[in-house]
Amino acid sequence: MSILVFGVSVLGIIINRSNTLLILVCIELMLLSIIITVVISTIKTSSILGQTFALYIATVAAVESAIGLSILIGFYKIRGSISLRVINMLKG
């Protein structure tokens, strides 16, 4: 199941190269598939360490999405668009 979720997220990034918000959602799906893989592997080994690591990955994913969304909102307020073509024109 996690391979399917990872494949869908990679396919979403390949298909939607111009929409920044969809790329961010697909990256979150990739992290979700990693979490699913870690949890399934720790269930087989009966180790709590893997589940703790999965919780850490979920926390990092939440922080990453919050920072990414705040950057996109700030960029939208300044430029009026969140298209990758507009973002790629940034210099600095």
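All of the numbers you see were taken from the coordinates with simple rules; none came from a lab. The structure displayed is predicted, hence computed values, not measured ones. Every residue, glycine as well, gets a Cβ built from its backbone with ideal geometry; the counts of neighbours run over all protein chains shown.
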Inset, instruction - For helix 2-15, report the angle its Cα long axis makes with the longest principal axis of the Cα atoms of the chain; keep it between 0 and 90° and round to the nearest 10°. - result: 10 degrees
Inset, instruction - Work out, step by step, the length gained on full extension between I67 and R17: first 0.36 nm times the residue separation, then minus their alpha carbon distance; give nm to one decimal. - result: 16.0 nm
Inset, instruction - Between I67, I13, I35, find the one with the highest GNM mean-square fluctuation for the chain; connect C-alpha pairs within less than 10 Å. - result: I67
Inset, instruction - Find, among the trypsin sites (Lys or Arg not before Pro) in segment 39-92, those assigned to loop by DSSP (not H, G, I, E, B) with at most 13 other beta-carbon atoms within 10 angstrom. - result: K91
Legend entry - Cα Rg, Dmax (largest Cα-Cα span) when computed across the chain, Å: 16.2, 51
Inset, instruction - Return one number: the angle in degrees, 0 to 90 and rounded to the nearest 10, between the long axis of the Cα atoms of helix 20-45 and the longest principal axis of the Cα atoms of the chain. - result: 10 degrees
Inset, instruction - Once you have the Cα-Cα distance between I78 and S41, take 0.36 nm times their residue separation minus that, and quote the gain in nm to one decimal. - result: 8.8 nm
Inset, instruction - Would you kindly state how much longer the chain becomes between Y56 and M1 on full extension, computed as 0.36 nm times their sequence separation minus their alpha carbon distance, in nm to one decimal? - result: 17.7 nm
Inset, instruction - Could you work out the relative contact order of segment 18-92, using alpha carbon pairs under 8 angstrom and six or more residues apart, expressed as a whole percent? - result: 41 percent
